[in-house]
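Throughout, read-outs are computed from the coordinates displayed, never taken from laboratory work. Bear in mind that the values here come from a model prediction, so they are computed numbers and not experimental data. Don't worry about glycine lacking a Cβ; one is built from the backbone with ideal geometry, like all the others, and counts go over all protein chains shown.
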Amino acid sequence: MRIINIIPSIAEESSGPTYVVKGLCESLIAENHSLTLVALDWDPLSYELSYLKTFPLGLGPRRLGISPIMFSWLSESCANGMVDIMHNHGMWQMNSVYPAWAAKQGNVMLVYSPHGAFSKWAMKHGSIIKKIFWPLLQHPALKQAVCFHATSEAEYHDIRRLGFGQPVAIIPSGIDFTLQPNLQASEQKTLLFLGRIHIVKGLDILLSAWKEVQELFPSWRLVIAGSDDGYHGSSGYLDKIMLQAQLLGLQRVEFIGPLYGDPKLQIYRDANLFVLPSYTENFAVTVAEALSMGTPAIVSKGAPWSGLDKHGAGWWIDIGEAPLIACLKKAMACSDSELALMGQRGRSWMQSDFSWEKIGAQMAETYRWLLNRTLQVPDWVRLD
C-alpha cells in the first residue's frame, strides 16, 4: 500500500502523538509498505528520518499551521494516484484540513486520529480560535473521513458523541522494549511524573497530595519531568506549578525538565512508581512506557487504564486529591518485592498487547479493509 501520514510537527519529541506516529510509521515500513510522513517545518530536527517530508509554513498565524506548499503536494499526490491511504494525526490547524481537501482529488481513503482532541475536557477548553475553526473548517473536514482511529474505548465514545458515524478502528499505541527493568532495590525511592507540564495533567492535584504524604515516607522523592506546555494555550504553567510547590512548603520535589530518548527510558526504569493524575487523556502513552520499563503506575480515571487493576500492574483511581492521597499511602507502603512483582506484570502485559509489530499489523489490516470492503471487518473496527 501507498500511505501518507500527516502530523503538525515531528520536532516535539516530548509529545505523545509524535512518539506514536513515528512508531506507527516505522512498523508499517517494516511490513514493506510505501510510506511518507508529512509534517510542517516548525523547528530544526536533531535527527533524520528517511521517510519524512517537511513543508515550510506560509503566511498567517503560526498556530494555524498554514502551508500552501503542503496542500499543493498532497493534492498532486492524490490527483496523480500516488497514494491509497492518507492518515491524519492532530486537529485545530490547517494541516489537519488539507488532507480532506486533497482527498477529493482522487480515490483516496482518509483516516483521522483525534489523539484526545475530542474529549469533553478538550472540546470545552482552548482559545476562541477553536470555537471558530470547528464549524467552519475542522468539522467539515472530518466528515470526509472514511474511518476514524481511536486509541481507546473512551475515545471511540468521544467520536460517537460528536455525531460521527464512520467506522472506528480501536487500536492502542505501541511501545518499544529496548531496556530491561531495573530490579535492584535502593534506599531512596522515586515517585515519577513524566509528561507535558499542562493544566490537564492534574499536577495541582499531585502537589497537594504530596504535601499530605511527604512526611509519612521520608525515603521517597517526587520527580516531575517534562516540558512546559503552557496554560490555556500560553506559556508559563510550569512557573505556576513551581510556585504552588513553594507555597505548599513541599519537600523532596525535583523539577528536572524534559527528557528524550535513552535518558527518558532510564528514568522510567529507575522509578519505583509512576503517577498520572490527569483530568482527561485519550490514551496516555507515558503509562505504557512506564509499564514497559517494569514500573507500576497510579493513574486517574481520566485516562483509559482500567487494565491496571485487571493485570495487577498498579492502581486506577478516581480523579481528585483525596483518592490520590489514599492510593499513595497504600502504594508507597508496599515493599520493594511487591512493587517489582507489579512491574513485572505490567511489562508482560505491554509485551503481549502493545508491541509495535502487533499495532502496525492491525493498522495495516484496517487499511486493507478500507480499500477492499469485501474483506472481513477486522475485530477491532466498530461499525455501530
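For segment 21-76, which chymotrypsin sites (Phe, Trp or Tyr not before Pro) are in a loop by DSSP, counting at most 12 other Cβ atoms within 10 Å?
The qualifying sites are Y47.
Full-extension gain between Y51 and D318, please, as 0.36 nm times their residue separation minus the C-alpha to C-alpha distance.
92.0 nm
Going down the table (K22/K201; K310/K330; K130/K211), which pairs top 25 Å between alpha carbons?
K130/K211
Which of Q105, Q214, I317 sits farthest toward the positive end of the charge dipole of the chain, with +1 on the Cβ of Lys and Arg and -1 on the Cβ of Asp and Glu?
Q105
By counting other Cβ atoms within 10 Å of each Cβ, how are D379, D84, D336, D158 ranked from fewest to most?
D379, D336, D84, D158
Listing S77, S173, S348 from the residue with the fewest other Cβ atoms within 10 Å to the one with the most, what is the order?
Lowest count first: S348, S77, S173.
Mind checking which aspartates and glutamates have their Cα closer than 18 Å to the Cα of K143? Skip sequence neighbours fewer than 8 apart in that chain.
Excluding near neighbours in sequence, the set is E155, D158, D384.
Using a simple spin-label model with points 7 Å from Cα along the Cα→Cβ vector, what separation in nm is obtained for R63 and N107?
4.2
Quick one: what do you get for segment 33-192 if you divide its Cα Rg by 2.2 N^0.38 Å?
Ratio of Rg to 2.2 N^0.38 Å for segment 33-192: 1.23.
For K53, which aspartates and glutamates qualify as cross-link partners when the Cα separation must be under 15 Å and same-chain residues fewer than eight apart are set aside?
E26, D41, D43, E76
Given that compact globular proteins tend to follow 2.2 N^0.38 Å, what is the ratio of the alpha-carbon Rg of the chain to that value?
1.00
Mind jotting down a quarter of the surface of the convex hull over the alpha carbons of segment 189-353, in square nanometres, one decimal?
The number I arrive at for segment 189-353 is 8.7 nm².
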